[in-house]
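Since the structure comes first, as structure tokens, the remarks are kept for the end.
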Amino acid sequence: LFSTSFLRRRDLLNSIKNNSKYIGGHVLDVGSGDKPYQRLFKYKKYVGLDTEKSGHDHKEETIDVLYDGKNFPFKEASFDSILSFEVLEHVEDLDLIISEMARVLKKNGKLLITTPFIWNIFEKNNFKIKNIEKISNDYSIIFQIMQLYLQEGTFHKNYLTRIFITPIICFYNLLGILSKIFPKTEKIYGGNLIVATKK
């Protein structure tokens, strides 16, 4: 409750958990970092893949395979499922990474992605969209935006102002939770969860 990303991460976690039933077998987590959602899935093998140069230190992360950011170091049709959470919006060559996902995924394999952008690029790369969910498509997004203002502003840089702001962050998060009793909206939301099958 004391984190400015609490509302967003709470909705993201719930969406991933609700769609975890699609994932199994040999799983590849693209941009895995420290694999924060691994425990949500049932699988035979779970491989975390990340880039050698990602702009941050990997020392505290449990990455299994590092690669050059272009070609996945796996044979064709190596995995039953592929995951990628909040990663693709940071990729320079989106077509390349999605084509690599398609290459290493088995026929009828499942893809589970969360990202704030549109899904038509997946259909172009031989995936059939099975399910699309909007994340934070309710009034909680208002309080999440207010949190981003606090996070990106100058408030968090000074110790005294952090002490003052922390109760406000908690209050906004509680309001965000309570706001979920109101109807959802299709026009304003925080991101997308996509489940797709390789054709």
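The values are calculated or read from the model by the stated rules, or taken from the named source; none is laboratory data. None of the values given here were measured: they were computed from a predicted structure. Neighbour counts run over all protein chains shown; Cβ positions are idealised from the backbone, glycine included. Accessible surface is based on the protein model in full, side chains and every heavy atom, while ligands, DNA and RNA are left aside. Shrake-Rupley method; radii C 1.70, N 1.55, O 1.52, S 1.80 Å.
Side notes on the structure shown:
- In sequence order, the stretch 39-49 has phi-based couplings of 5, 7, 10, 9, 7, 8, 8, 10, 10, x, 10 Hz under the Karplus curve 6.51 cos²θ - 1.76 cosθ + 1.60, θ = phi - 60°, and Gly or Pro positions carry x.
- Debye equation applied to the C-alpha atoms of the stretch 1-110, log10 I(q)/I(0) at 0.12 Å⁻¹: -0.42
- Note on LYS45 and ASN71: the extension gain reaches 7.3 nm, defined as 0.36 nm multiplied by sequence separation minus the Cα-Cα distance.
- Accessible surface, the stretch 1-88, averaged per residue in Å² (probe 1.4 Å): 55 Å²
- Annotation: extensible slack from PHE164 through GLU61 equals 33.9 nm (criterion: 0.36 nm per residue apart, minus Cα-Cα distance).
- Taking a straight line from the alpha carbon of LYS70, these lysines sit under 16 Å away, with near neighbours fewer than eight places off in the same chain left out: LYS53.
- Spin-label model distance (nm) - SER179 vs ILE121, 7 Å beyond Cα toward Cβ: 2.8 nm
- In this simple spin-label approximation, ASN108 and LEU96 carry label points 7 Å from Cα along the Cα→Cβ vector, and these lie 3.3 nm apart.
- Each residue of the stretch 121-138 is assigned a 3J(HN,Hα), and the resulting list reads 5, 5, 4, 5, 9, 6, 10, 9, 6, 9, 7, 10, 10, 8, 9, 6, 8, 8 Hz, derived from the Karplus form 6.51 cos²θ - 1.76 cosθ + 1.60 (θ = phi - 60°), x at Gly and Pro.
- P(r) weight above 27 Å for the chain, C-alpha pairs, percent: 36 percent
- Candidates per trypsin sites (Lys or Arg not before Pro) in the stretch 20-114, loop by DSSP, up to 15 other Cβ within 10 Å: LYS42, LYS44, LYS53, LYS59, LYS70, LYS75
- Apportionment of accessible area to carbon and sulfur, the chain, percent (1.4 Å): 55 percent
- The GluC sites (Glu not before Pro) of the stretch 1-106 that meet both conditions, a loop assignment by DSSP and at most 11 other Cβ atoms within 10 Å of the site Cβ, are GLU52, GLU60, GLU76, GLU92.
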